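Undergrad: This is the structure, below, for whatever I ask next.
The values are calculated or read from the model by the stated rules, or taken from the named source; none is laboratory data. Bear in mind the structure is a predicted one, so any value in this text is a computation, not a measurement. No Cβ is skipped: glycine too gets one built from the backbone with ideal geometry, and neighbour counts run over all protein chains shown. Keep in mind that these areas ignore ligands, DNA and RNA; they rest on the heavy atoms of the full protein, side chains included. Shrake-Rupley method; radii C 1.70, N 1.55, O 1.52, S 1.80 Å.
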Amino acid sequence: MARKLKIAVSGLNAIDSPGPGVAVARGLKEAKSFDSSIIGLSYESLEPGIYLHDLIHKSYQIPYPSVGTETLLERIKYIHSIENIDVIIPNFDAELYSFMKLTSELAAMGINTFLPTIEQFEERHKINLNTFGEKYDIKVPKSKAIMDAGEIYSLHEEFAYPLVVKGKYYDAYIAHNPQQAATFFYKISSKWGLPIIIQQFIKGNEYNVTGLGDGNGNMIAAVPMRKQYITDKGKAWGGISINDEKMLELTQHFLSSTKWRGPFELELMKDAEGDFYLMEINPRMPAWIYLAVGVGQNIPEAIVNLALGEDVKAFKTFLTSKMFIRYSWDMIVDIKEFEQIASYGEL
Amino acid sequence: MQKKKYERPSIKKIESDMPNKFGMRSEYQPMTHIDGVAVKDIIKNYGSPVFVISEKTIRKTFKDAMRAFTTRYPKVQYAWSYKTNYLSAVCNVFHQEGSWAEVVSRFEYDKAIGNGVPANKIIFNGPDKTRKDLEKAIKNQSLIHIDHLDEYYTILEIAEMTNIRPQVAIRVNMDTGIYPMWDRFGFNYENGQAWDALNKIMMSKKMDLVGLHCHIGTYMMTAEPYGVAAAKLADLAVGLQQKYNHYIKYIDMGGGFASKNTLKGAFLPGSDTNPSFDDYAEKITSAIINSNISPEHIPFLFLESGRAMIDDAGYLIGTVIANKRSSTGKRTTILNIGVNILFTSFWYQHKITPAQEFTHHTENTMIYGPLCMNIDVIRENVELPLLNAGDNVVIHQVGAYNMTQWMQFITLRPYVVMVSEKAEISVIRKGETMSSISDYEVIPQHLKDFKL
Amino acid sequence: MKINKNIAISDSGFLLNPATGESFSLNSMGIKVLKLMNEGKDYLEIEKLITNEFDVSNSTFDKDYNDFIGLLQQNHLVETESTKA
């Protein structure tokens, strides 16, 4: 008889720019090493996952990260008192910091997590990408943080146009001349503040790898993917698992040099010479994580087992040339359910 | 029969992206008491608004900071940054805890002397020291942190004339990887200015070079730059050791530690993200200990942190004057606390807590001050319970700079009281009266009379 | 003043306007005032009931009531009485 586990999962916003929560829940449901009942953690009342009762047993609203860890901890204590949670898998970039801060408090309550360390989380930030690349000998596009639009006019000494103008958290534009760069500087800085990141433009094709590190430098899982259908928000709506030795080597190198702990997604760009540049490291599973499950690497299941302190064997193979094709699905929901989550914060 | 507590009727449209009720700050408990003293009683006796300083919090914060450094480094000395809050009662709590004084003007210098701080335990910083100020500080053997070469030459002249050896340090500015780089104060490390100044001092043989000082910035949200700065100062100390066989007595790392306030525009609250004393201490002390300074001559570590030591201990109590709606229907609330006394609301999202019971129902509110001036905004956007006119609120973490940078503008400045560790209240600065202001005015004879 | 037909208020303070699909959240005083309005009580009766039961002055309640009605109107939850010429 398989173990029965209660696992809380966030990121239930399976919308056009989706969180991975629903895909993670699917992976957990298909786990062979345990039976699970999934608790959803939501921020808004219309996150679709809340209403997928076949997959998500019960959902609770939790406070936004901006409210602080104290309030979050209070809320989790309440949920834990009812549900007795074994493992929490947070799936949003923005909430990870709070959960990492609370790791020991959660552990003391008997709630397990398997997250990157704060140092790893900070180090991989967009602003630190250059240092990261140097430190771990990984090719990254040359980038520079600037605080003053005046610096744009001397960029030609270090960068060739076109170049990419990026915000600290979000937004990126390609500028073909200093005038454009200055426009984007003001546009992005008014929204996301300073610094603005100037990045070398790499012409090429985008590839992604999702995987899992055990925190000791070992690669537990890694599945490379090439996006085949991209929405206007830049999200993959279809993709294919590929067997690329170079990408797997790069992933292995990333893991053994950083000793990354937890799931991740690497965003890579392959230039005309066939060299891979690391564009971004997402410290969580991607929305397309179910592709990994589907090709034989159940990363959500492995995370749960690592969180519980168990020995997890590294996945050796996966099926290549398998595609995921996403679709949207309209549920019919009674207003009573919406009232329940909106008024009481539980459904 | 006692009537039930009233809350005004409220209705709020549910939108998909609105914060849920578990995502609001109304989860806070009401703050009815500060260190055991009822907010209502404070207002009854000293009016509203009123600043309240918690002595207990100052002492606790000081001990926390000291513990962070002394457990990692053998010789640590704090100096209280007068400009952060120079109410004498506040200074004296720090002096009782063992702090020296750090001043940046003659006014502050005289205040420290007046409080009874021995002159040789006063650090005199800043670019504005007149010849008279320097003469006094040299005679008193205070620690003078030289900001520029003009100051150095004045000190040299005084030393030659008086035959007293001034006790000096230089302030060093440097690239620690942060922006903005504070290169307007002191001598630059990277371009050799600092070494040049040190050579001049050592060659003059007229003054005692006792320390090296830096102060890399303000509200530093990461501790790493302090490690860089400490390493660079240690490098200068090692150079002095090698070149002149001279050992400095202290390395002064200045201040700039962040408090737990949340800066405007920050996504996560300061209480979660800002470094702790332990974080700063770890970077600073390991950089000095790991340097090539010989262990027998390990210098004292001086610290001048102001904000992080006093912010948490300050509260500002106020009263709701009125509730209104803006032209777009947004709730606005007018408090009797304005930016004239809460200067820091220009850069912090100050935490505001009702001083009486409330329900979980909230409204997104804009908080205005009472001044007849458009920029008088205390919070642009805050989820607050449904406050009635006359209700009281407590604004948190206001201990730093507000009681020194406040303005007497439109209205008079309020009382400042301190709650002792035994929950006794003392007035530490009286509320201003008309005469506090008009006594300093002079009306020329021909302007004394008019008819309307 | 009348609440629009078909509008249902649940005990949780959840209010749905089936005509527009919009939903709202009320606090307990909001529920109370709406229910009294639904019972056909006029302002003077509501004011009397509330000020008797709760610790609030007539002038404060008057101001809050008007603010509340303003929001109901803004959200088209009440039938606006035609202004008499």
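Condition check ((1) crowded, with 20+ Cβ neighbours inside 10 Å; (2) more than 22 Å from B:Thr404 (Cβ to Cβ); (3) touching a Cys at 6+ places or on another chain (Cβ under 6 Å); (4) among the aromatic types (Phe, Trp, Tyr)) across all residues:
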| site | (1), (2), (3), (4) |
| --- | --- |
| B:Asp312 | yes, no, no, no |
| B:Tyr315 | yes, no, no, yes |
| B:Gly318 | yes, no, no, no |
| B:Asn323 | yes, yes, no, no |
| B:Thr332 | no, yes, no, no |
| B:Ile337 | yes, no, no, no |
| B:Thr344 | yes, no, no, no |
| B:Gln356 | no, yes, no, no |
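Undergrad: Sort out which residues of the stretch B:401-411 are at pLDDT 95 or above and either open to solvent by less than 30 Å² (accessible area, probe 1.4 Å) or more than 23 Å from B:Glu108 (Cβ to Cβ) (or both), and write them in order of number.
TA: B:Asn402, B:Met403, B:Thr404, B:Trp406
Undergrad: Checking the conditions here, which among B:Ala119, B:Ala101, B:Ala137 is at pLDDT 95 or above, in contact with a Lys or Arg (Cβ under 8 Å, 6 or more places away or on another chain), assigned by TED's automatic domain parsing to the domain that holds B:Gly186 and over 22 Å from B:Gln405 (Cβ atoms)?
TA: It is B:Ala137.
Undergrad: If you scan the stretch A:70-106, which residues turn out to be open to solvent by 60 Å² or more (accessible area, probe 1.4 Å) and farther than 23 Å from A:Ala23 by Cα?
TA: A:Glu70, A:Glu74, A:Lys77, A:Tyr78, A:Ser81, A:Ile82, A:Lys101, A:Ser104, A:Glu105
Undergrad: What pairs come out if I take residues in the stretch B:340-360 that are within 14 Å of chain C (Cβ to nearest Cβ) and pair them with residues that are open to solvent by 20 Å² or more (accessible area, probe 1.4 Å) and among the polar types (S, T, N, Q) whose C-beta lies under 9 Å away, six or more apart or interchain?
TA: B:Gln356/B:Thr32; B:Glu357/B:Thr32; B:Thr359/C:Ser28
Undergrad: Could you please tell me which pairs satisfy a Cβ distance under 8 Å, a separation of 6+ or placement on different chains, a first residue in the stretch A:96-107 that is closer than 19 Å to A:Asp86 by Cβ, and a second residue that is polar (S, T, N, Q)?
TA: Filtered contacts from the stretch A:96-107: A:Phe99/A:Thr113; A:Met100/A:Thr117; A:Leu102/A:Thr69; A:Thr103/A:Thr113; A:Leu106/A:Asn112; A:Leu106/A:Thr113; A:Ala107/A:Thr113.
Undergrad: Taking helices (runs of 4 or more DSSP H) that fall entirely within the stretch B:60-172, which contain at least 2 residues that are open to solvent by less than 10 Å² (accessible area, probe 1.4 Å) and either among the hydrophobic types (A, V, I, L, M, F, W, C) or closer than 26 Å to B:Ile425 by Cβ (or both)?
TA: Filter on the stretch B:60-172 gives B:88-96, B:131-139, B:149-162.
Undergrad: Within the stretch C:12-64, how many residues turn out to be surrounded by 15 or more Cβ atoms within 10 Å (Cβ to Cβ), closer than 21 Å to C:Gln74 by Cα and in contact with a strand residue (DSSP E or B) (Cβ under 7 Å, 6 or more places away or on another chain)?
TA: Number satisfying all stated conditions: 13.
Undergrad: Separate question: Give me a count of the residues in the stretch C:1-50 that are outside any loop (DSSP other than H, G, I, E, B), within 13 Å of chain B (Cβ to nearest Cβ) and touching a residue at least 60 places away in the same chain (Cβ under 8 Å).
TA: 3
Undergrad: Mind checking which residues of the stretch A:293-347 are under 19 Å from A:Ala8 (Cα atoms), away from chain C (no Cβ under 14 Å) and assigned to a helix (DSSP H, G or I)?
TA: A:Val293, A:Ile299, A:Pro300, A:Glu301, A:Ala302, A:Ile303, A:Val304, A:Asn305, A:Leu306, A:Ala307 - these are the residues of the stretch A:293-347 that are under 19 Å from A:Ala8 (Cα atoms), away from chain C (no Cβ under 14 Å) and assigned to a helix (DSSP H, G or I).
Undergrad: Got a sec? Which of B:Tyr226, B:Tyr247 is assigned to a loop (DSSP other than H, G, I, E, B), in the same structural domain as B:Glu157 (by TED's automatic domain parsing), of a type in the set (Phe, Trp, Tyr) and touching a residue at least 24 places away in the same chain (Cβ under 8 Å)?
TA: Of B:Tyr226, B:Tyr247, the one residue that is assigned to a loop (DSSP other than H, G, I, E, B), in the same structural domain as B:Glu157 (by TED's automatic domain parsing), of a type in the set (Phe, Trp, Tyr) and touching a residue at least 24 places away in the same chain (Cβ under 8 Å) is B:Tyr247.
Undergrad: Could you check B:Tyr348 against (1) surrounded by fewer than 21 Cβ atoms within 10 Å (Cβ to Cβ); (2) under 24 Å from the mean Cα position of the chain (by Cα); (3) among the aromatic types (Phe, Trp, Tyr) and say which number it fails?
TA: Evaluating B:Tyr348 over (1) surrounded by fewer than 21 Cβ atoms within 10 Å (Cβ to Cβ); (2) under 24 Å from the mean Cα position of the chain (by Cα); (3) among the aromatic types (Phe, Trp, Tyr) leaves (1) as the failure.
Undergrad: Pick from the stretch B:258-296 the residues that are open to solvent by less than 10 Å² (accessible area, probe 1.4 Å) and at pLDDT 95 or above: which of them is nearest to A:Glu122 (Cα to Cα)?
TA: Among those residues, the one meeting the criterion is B:Tyr280.
Okay, residues lined up against (1) of a type outside the set (Val, Ile, Thr); (2) buried (at least 17 other Cβ atoms within 10 Å of the Cβ); (3) assigned to a helix (DSSP H, G or I):
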| site | (1), (2), (3) |
| --- | --- |
| A:Gln199 | yes, yes, no |
| A:Asn205 | yes, no, no |
| A:Thr210 | no, yes, no |
| A:Ala222 | yes, yes, no |
| A:Met225 | yes, yes, no |
| A:Gln228 | yes, no, no |
| A:Met247 | yes, yes, yes |
| A:Leu250 | yes, yes, yes |
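Undergrad: Could you give every pair whose Cβ atoms fall below 7 Å, whose first residue belongs to the stretch A:186-211 and is closer than 17 Å to A:Lys126 by Cα, and whose second residue is polar (S, T, N, Q) and open to solvent by 10 Å² or more (accessible area, probe 1.4 Å), counting only separations of at least 6 or pairs across chains?
TA: Hits for this filter: A:Ile196/A:Ser189; A:Ile197/A:Ser143; A:Ile198/A:Ser143; A:Gln199/A:Ser143; A:Gln200/A:Ser143.
Undergrad: While we're here: In this structure, is B:Ile201 surrounded by 22 or more Cβ atoms within 10 Å (Cβ to Cβ) and either of a type in the set (Val, Ile, Thr) or touching a Ser or Thr at 6+ places or on another chain (Cβ under 7 Å) (or both)?
TA: yes
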